[in-house]
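Inspection log for the structure reproduced underneath, given as structure tokens.
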Amino acid sequence: QHGRVKIKSTAQQEEEKRKEREKKLKIYIAARDACFSKRKEGICDDEALQLTQQLLSSNPDFATLWNYRREILMHLEAVKDKDEVQKIYEAELSFLESCLKVNPKSYGSWHHRGWVSARLPQPDWARELSLCDRCLSLDDRNFHCWDYRRMVVKMSGVPVDQELGFTDHLIGSNFSNYSSWHYRSTLLPLLHPESPDILLMSEYELVQNAFFTDPNDQSAWFYYRWLLGRGMFICSCVYVSRDEERVAVAFSRPVNSVGLLLVLDGQPQRVEWRSVHPRFKHSPVWICDLPPGTISDITNEHNLTVHWTEKHTHRDCALYTGRTESYCRDSATDQELFRSELSVEKTSVLQSELQSCNQLQELEPLNKWCLLTIILLMRALDPLGYEKETLAHFQTLKEVDSMRSAYYSDLCSKFMIENTILKMEYAEVRVFSISDKNLTTLCHLDQLLLVTHINLSSNQLQRLPPQFAMLQCLEVLEADNNNIENLEGLFCLSKLEEINLKNNNISTLADLQPLASCPKIKRLDLRGNPVTQMAKIEAELAELLPSVTDILL
């Protein structure tokens, strides 16, 4: 056996590894404790800098040590001259690169690098961009690096078109680069704020190449949906009631009340704006009460303007003599809320896109992304004209992607509500009827601020959500034959007089509690609900709702 290498047993090797780990752990703990002691004593010297470097080199996600390191660097910055500070921070950047090699997605390392770069007297932004390029070449979905790159681009003033070219390169290398598609969606509005048709045509061509290359990759499909769904912010409606001396305003997206200003007959008013439901700190609909007697005289005419100063948008409304209410609004069609007003060129492009997707669907009949995009293209072109085909495609989607059937049901409900809003506006009425459509959810309720009568009967609704309180003009609610068990949205609807809730799942008196905030309810139909089996329910309802004169149980 002379000359043979002695091979250690597995147990011996494990024991040696254990002893080595213990030795390293003791060194690590000693260095950590030394750091904590120095920080407690307020010591910010070179030794402390070396100790933190020793620890962070092996564990770059120790947030407390990064905080201490920044305290040390700020102290050194205060006592060193500019050239020395430059060298200290350049060394820090080199150290950080070694940390990123240990963990390329270290929160602490990337945050600290951003902090250092922002304080560096003479930053080398080209070097930082090069670092980002290298990191993204290794992992194109490193979102820490993407965040850092955006900071570098902003600080160094890299042109937007140059960054757009960078996304071209990455997407060309990998169509599945979701982060690049997302970055592209943030750059395009900066480069082309008016979204000209020629730009969209080139984007459609790019994204079409992607999903024809790999129809099952979701990155390009999501970007395509973004292209179809861009919208603007506006004050969409102002409503004023002379009887209630109340003003309601609706916006195209949720806002807070900080920037809201009401001007009446040229004079700013000191009013208290409130959202329609206590749950909402941000809401598309806000209401306020005017001081008693301000607009109650029907012989007087008034002019109102609601401003939202944060976006410099406003809406005027005139309340004429002899009128008890008035409103001024943009319809969903005016807002291009559910579809864009397409130019001839863009219509032609989208028709071509739809034809291409239909061809792809013939090749990939069970591809969910293709089916969903066909639906979105149909809605962009003609939501009412393609309604029948849309419903059929949704049914196919539920079959080929059954795990997401509830999502498709909700999305289909959304589209059917949009179509019904368009039909209501074309008819120029304030009645919203969408019964027997298999609705599973309610949306766009901010568009129904002026509706006086709503019919939701014979659907699959389980609740009237808080957003339902946006229907500030509602007088009659029909919601028979659903599965409703929650009435949270029936909150402070001051005009609501009649509620029909036959054959739902309202089971306790507490479920009806929101109705107590609606002062004008006269008729309530609860037949076919479990709550009607409760003893003394009629007496308890009479106490809860004293204004009701007609209760059907």
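The values are calculated or read from the model by the stated rules, or taken from the named source; none is laboratory data. These figures come from a predicted structure and were not determined experimentally. Cβ atoms come from the backbone with ideal geometry, glycine included; neighbour counts cover every protein chain shown. Areas reflect the complete protein model, heavy atoms only, side chains present, ligands, DNA and RNA absent. Shrake-Rupley method; radii C 1.70, N 1.55, O 1.52, S 1.80 Å.
List pairs: first in the range 382-394 and of a type outside the set (Gly, Ala, Ser), second part of a loop (DSSP other than H, G, I, E, B), Cβ under 7 Å, 6+ apart or cross-chain? Correct list of pairs: Pro383/Phe338; Pro383/Arg339. The set of residues from the range 460-486 being under 17 Å from Asp436 (Cβ atoms), assigned to a loop (DSSP other than H, G, I, E, B), over 27 Å from the mean Cα position of the chain (by Cα) and not aliphatic (A, V, I, L, M) comprises Asp480, Asn481, Asn482, Asn483. Count of the range 39-48 residues, restricted to those that are surrounded by 13 or more Cβ atoms within 10 Å (Cβ to Cβ) and touching a residue at least 24 places away in the same chain (Cβ under 8 Å), is 3.
For the range 376-391, state whether one or more residues are part of a helix (DSSP H, G or I), crowded, with 18+ Cβ neighbours inside 10 Å, at pLDDT 85 or above and of a type in the set (Val, Ile, Thr). Yes, some residue in the range 376-391 is part of a helix (DSSP H, G or I), crowded, with 18+ Cβ neighbours inside 10 Å, at pLDDT 85 or above and of a type in the set (Val, Ile, Thr).
Every condition in (1) in a helix (DSSP H, G or I); (2) under 30 Å from Arg246 (Cα atoms) holds for Gly489 except the one numbered (1). State yes or no: is Leu170 of a type in the set (A, V, I, L, M, F, W, C), over 28 Å from the mean Cα position of the chain (by Cα) and open to solvent by less than 40 Å² (accessible area, probe 1.4 Å)? Answer is no for this residue.
When the range 452-473 is limited to residues that are aliphatic (A, V, I, L, M) and in contact (Cβ under 8 Å) with a residue 24 or more places away in the chain, the one that is nearest to Pro254 (Cα to Cα) turns out to be Met470.
Residues being under 35 Å from the mean Cα position of the chain (by Cα) and either surrounded by 16 or more Cβ atoms within 10 Å (Cβ to Cβ) or in contact (Cβ under 8 Å) with a residue 40 or more places away in the chain (or both) are represented in the range 517-524 by at least one member. Applying the condition of being of a type in the set (A, V, I, L, M, F, W, C) and over 25 Å from the mean Cα position of the chain (by Cα) to the range 444-459 and asking which residue is surrounded by the most Cβ atoms within 10 Å (Cβ to Cβ) yields Leu456.
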